[in-house]
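Undergrad: I'd like to ask some things about the structure below.
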Amino acid sequence: MLAGTVIFSGSLYLLVLTGRTWLGAITPVGGVLLIVGWVALALASWPAR
């Protein structure tokens, strides 16, 4: 989840601060990593039967 947060938020911050538009292509990768991290957290906390 940390990698997703850094890539997603970091690319958006850098996009706004530097104006480099190619950073917009990296943002969805961070979003996918965030979703994967949340799903992994949910699965890890699901009680075992």
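Undergrad: Taking only pairs six or more apart or across chains, which ones have beta-carbon atoms under 8 Å, a first residue in segment 1-23 that is surrounded by 11 or more Cβ atoms within 10 Å (Cβ to Cβ), and a second residue that is of a type in the set (S, T, N, Q)?
TA: 7/27; 8/27; 11/27; 12/27; 15/21; 15/27; 23/11
Undergrad: Look through 15, 43 and report the one residue that is touching a helix residue (DSSP H, G or I) at 6+ places or on another chain (Cβ under 9 Å) and either at pLDDT below 95 or not in a helix (DSSP H, G or I) (or both).
TA: 15
Undergrad: Quickly run through segment 14-26 and pick out the residues that are under 25 Å from residue 39 (Cα atoms) and over 11 Å from the mean Cα position of the chain (by Cα).
TA: 24, 25 - these are the residues of segment 14-26 that are under 25 Å from residue 39 (Cα atoms) and over 11 Å from the mean Cα position of the chain (by Cα).
Undergrad: Another question, then. Quick one: in segment 24-48, of everything that is small (Gly, Ala, Ser) and loosely packed, with under 13 Cβ neighbours inside 10 Å, which residue is farthest from residue 5 (Cα to Cα)?
TA: In this case the residue turns out to be 48.
Undergrad: So, one more: For segment 24-39, what are the residues that are part of a helix (DSSP H, G or I) and in contact (Cβ under 8 Å) with a residue 12 or more places away in the chain?
TA: So the first thing to find is which residues in segment 24-39 are part of a helix (DSSP H, G or I), and the list is 24-25, 27-39.
Passing the criteria: 24, 27, 29, 30, 31, 32, 33, 34, 35, 36, 37, 38.
The values are calculated or read from the model by the stated rules, or taken from the named source; none is laboratory data. Please read these numbers as outputs of a predicted model, since none were measured by experiment. Don't worry about glycine lacking a Cβ; one is built from the backbone with ideal geometry, like all the others, and counts go over all protein chains shown.
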